[in-house]
Amino acid sequence: MRKQNFQWTEMTMGVCYYPEHWDRSLWRDDLRRMKETGISVVRIAEFAWNKVEPEEEKFTYTFFDEFLDICLEENMRVIFGTPTATPPAWLTEKYPEVLNGREDGTLYRHGARRHYNYNSGKYQELSARIVEKLASHYGKHPAIVGWQVDNELNCETYEYHSEADSEAFRVFLKDKYGTLGALNEAWGTVFWNQTYTAWEQIYVPRPVLNDGYNPHMYLDYNRFISESTIRFCRMQTEIIRKYKKPGDFITTNGMFWNIDNHKMAEECLDVYTYDSYPSFAFGLDRDPKNTKDLNDRHSSKNLTEVRSICPHFGIMEQQSGANGWVTRMSGPAPRPGQVRLWAMQSVAHGADYISFFRWRTCTFGTEIYWHGILDYDNRDNRKLAEVKEFYRDFKKLDELCGSEYVAAFGILKDFDNVWDTNIDEIHRRVAEASEEEIFEIAQLTHTPYNVIYLHEDTIPENLASYPVLFYPHPVIMTEKRAELLKEYVAQGGTLVLGCRSGYKQENGKCVMMPQPGLLRELTGSDVKEFSFVHGMEEPVWADWDGKRMEMPIFNDVMEPAVSGRSDESAKETYPKDCADDKIKVLAAYGNSYYTGKAALIEKKTGKGRTLHLGSAFSRQNAELLFEYLGVKDPLRHLIEAPEDVELVMRRKDGREYLFVLNYQFESRKIVLKKAMRSVFKEIEVCGELEIPAFGVEVFEVLMNK
Ligand code: GAL
């Protein structure tokens, strides 16, 4: 979301509340205790369709009328959720066509949630009607400050297999391709005799032997799901907009698969909200010794993605207790300090609104182990005390509301490539590994980054503020995107690409060009051969000025592509002198059968340069690249900190704030190299300090000291 229609003007704390889960006699007391804790907003109603339409077309508003009026009296603000994630039993029983299903056509039945499909005309009609009823009745209620559409679009499942989906898929494809001939060509259906002779022969994926799906079909299917989701969201937001008060915002929560969230946010929402549950990292079925992926600190990766959608976002559900359904996903209770730490992690990454999930743990239902702030017994407890403590500190950060996250570099992504990894095994393996490893080493070396998604309308100016951009594996490359990258580099940017770049076109077919295809002119590299790293051989490495660099997972075996010369003549002078002073082989393979071949090539173009690494990224090779490119640890002049604390810099009106987050079970020492103001303690500090276990500090850098 490039422009937010709504932004919080002060740090605001909320909670998720389900009046339908509790006796009315508890409501007022709950609201008062919330207010005493600092909670000023409740998110309600997102699963409560029956409370408003208990029978088809019998609408009643008394339940939420009563609750909202009490909210008003208690000065509590409300975010009202539309209930479409949980259609009533009367609805799915009468209209089973609204249900989503498995690939084999078995329908998901009433009893859980999100079992509907986006494309059923009936579901669209009934959803539009309930949203219209809710928005027209409650839209002007003075307690309401915002609206949430549905709940976690594409959570639980992000694949749709109903008949309505197949019908809508055909319409989507007709619109995209016009003729069956064009579709057959784009999908390469001549392969295995898949040619379609009538639109009715096309379905959303159905079971096929050995998962041997047509990859080009699957790519379009992913695009189709995204479009269907956005359309469903937009249908609701357009209705709400007719009735809501000016200034009230529309959002949706979560960040799930197969949605172009950026497009959805841009086209439908005023602000984006996310649900943050960092303790998924501590699931009871996880290997306790596996600390490689940074555990709860790993949530910073998702928060970075959320920031790419909406820089000043909200957290609609912030974990406040142990997670777990009765059937799965159990985890331990957060340790003292962890709830505050996780909430501050969200704030550090851009959240100006923190709403905890949930006020009190439910005493019934699937989520009896998904704990909230209060436990079943409803007594004050240490979690409540910690939320109060969080609030005290959160309000001291008011001056940071709307501040900017300071990134040392950017990572480019685009949805063609994200979705291609859903079906392409090679692409998935390199992309997942690289994304993970770059995140980890960026965290460990205190090198903050932003993610930037390339869209149809991205222009070079959107990228220009990043001196360095990693685009790890742009397998699918379009002419437009290649042009954009050329422009970015020509104007002085440094672009870093990994293996498998540019060998597919938009429909997922491979190009008949030397790799990296459309990027070849920019990279100056020519991929002569490529292979997965053989599982039987020792890890492949390259020599970079005497340093050993890991070349994991997949290797592009390269030569410099010297302009104006044949590849053969380039080879004669390679690697010492490429005869083209713009192209340089920085590292050559040190083992495997391609020893001596180029592993990392740099080419200068205009004022910038492109680096092509012939493998996936690992912590080790990414760190070497950070050093070479001068982006590593940009905060080192301000602070010395061990790798297992996270550092974040936020900036506003020329003032700089440093977040220090300790995820460890023990305290950690840091050294401030300049005088700073401890925002929480309200004192000036410098030199060595101790951050307690799960502690968070925010320091304002004192500019003229
Ligand atoms: C979220 C969801 C909530 C609740 C919570 C705990 O994903 O939005 O409704 O289910 O998880 O499971």
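The values are calculated or read from the model by the stated rules, or taken from the named source; none is laboratory data. Not measured: the values here are computed from a predicted model. Backbone-built Cβ (ideal geometry, glycine too); neighbour counts: all protein chains shown. Side chains are part of the model used for accessible areas, which takes the heavy atoms of the whole protein and leaves out ligands, DNA and RNA. Shrake-Rupley method; radii C 1.70, N 1.55, O 1.52, S 1.80 Å.
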Would you mind pulling out the separation of the Cα centroids of segment 248-271 and segment 625-645, in Å? 33
Measure of exposure for residue 371: accessible area at 1.4 Å probe, Å² rounded to 10, is 40
With no solvent and one point on each alpha carbon, what is the Debye value of log10 I(q)/I(0) for segment 409-629 at q = 0.07, 0.17 Å⁻¹? -0.19, -1.25
For helix 121-138, report the angle its Cα long axis makes with the longest principal axis of the Cα atoms of the chain; keep it between 0 and 90° and round to the nearest 10°. 60
Dimensionless Rg/Rh of segment 279-418 - Kirkwood Rh, Rg from C-alpha atoms: 0.99
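Pairs of alpha-carbon atoms within less than 8 angstrom and 6+ residues apart define the contacts here; what relative contact order does the chain have, in percent?
11
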Using only DSSP helix segments of four residues or longer, with each worth -39500 (n - 2.57), what per-residue ellipticity at 222 nm results for the chain after dividing by its residue count and rounding to 500? -9500 deg cm²/dmol
If every Lys and Arg gets +1 and every Asp and Glu gets -1 at its Cβ, then about the Cα centre the chain yields a dipole, in debye to the nearest 20, of 1180
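In percent, how large is the relative contact order of segment 409-629, given Cα pairs closer than 8 Å and 6 or more residues apart? Please report the intermediate quantities before stating the final value.
Details: 465 pairs, mean separation 49.5, N = 221.
Relative contact order here is 22 percent.
Within segment 1-71, report the trypsin sites (Lys or Arg not before Pro) that DSSP leaves as loop and that have at most 14 other Cβ atoms within 10 Å.
In loop regions of segment 1-71 (DSSP not H, G, I, E or B), the sparsely surrounded trypsin sites (Lys or Arg not before Pro) are 2, 3.
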Where does helix 24-37 land angle-wise versus the long Cα axis of the chain, in degrees 0 to 90, nearest 10? 50
Shape call, segment 345-428: gyration tensor on alpha carbons, a/c limit 1.5: oblate
Find the Cα radius of gyration of the chain, compare it with 2.2 N^0.38 Å by division, and give the number to two decimals. 1.01
Angle between the Cα long axis of helix 163-177 and the longest principal axis of the chain, 0 to 90 degrees, nearest 10? 40
How big is the gap, in Å, between the Cα center of segment 383-448 and the Cα center of segment 334-363? 16
Averaging sequence separations of C-alpha pairs under 8 Å and six or more residues apart, then dividing by the length of segment 639-701, give the relative contact order as a whole percent. 36
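Can you give the FRET efficiency for residue 231 and residue 510, using 1/(1 + (r/R0)^6), R0 = 22 Å, r = Cβ-Cβ distance, to the nearest 0.05?
Here the calculated transfer efficiency is 0.10.
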Kirkwood radius from Cα pairs of segment 1-121 plugged into Stokes-Einstein at 25 °C, 0.890 mPa s, gives D in µm²/s equal to 147
Loop-resident trypsin sites (Lys or Arg not before Pro) in segment 99-177 with no more than 15 other Cβ atoms inside 10 Å, DSSP not H/G/I/E/B, are 102, 109, 140
What's the local net charge at residue 65, with K and R +1, D and E -1, over the other residues with C-beta under 14 Å away? 0
State, to one decimal in nm, how far the label point of residue 293 lies from the label point of residue 377, with both points 7 Å from Cα in the Cβ direction. 3.6
DSSP bridge orientation in the chain - percent antiparallel, rounded to nearest 5: 55
Determine how large the accessible area of residue 326 is when every protein chain is in place; take a 1.4 Å probe and give Å² rounded to the nearest 10. 80
Hey, got a sec? Which trypsin sites (Lys or Arg not before Pro) in segment 285-393 land in a DSSP loop and have at most 16 other Cβ atoms within 10 Å? 286, 289, 292, 328, 379
Global geometry of segment 131-174, whether rounded, prolate or oblate, following the gyration tensor of its Cα atoms and the 1.5 cut on a/c: prolate
Using a 7 Å offset from Cα along Cα-Cβ at residue 29, what residues in segment 357-380 end up with backbone N under 15 Å from the label point? 360-361, 374-380
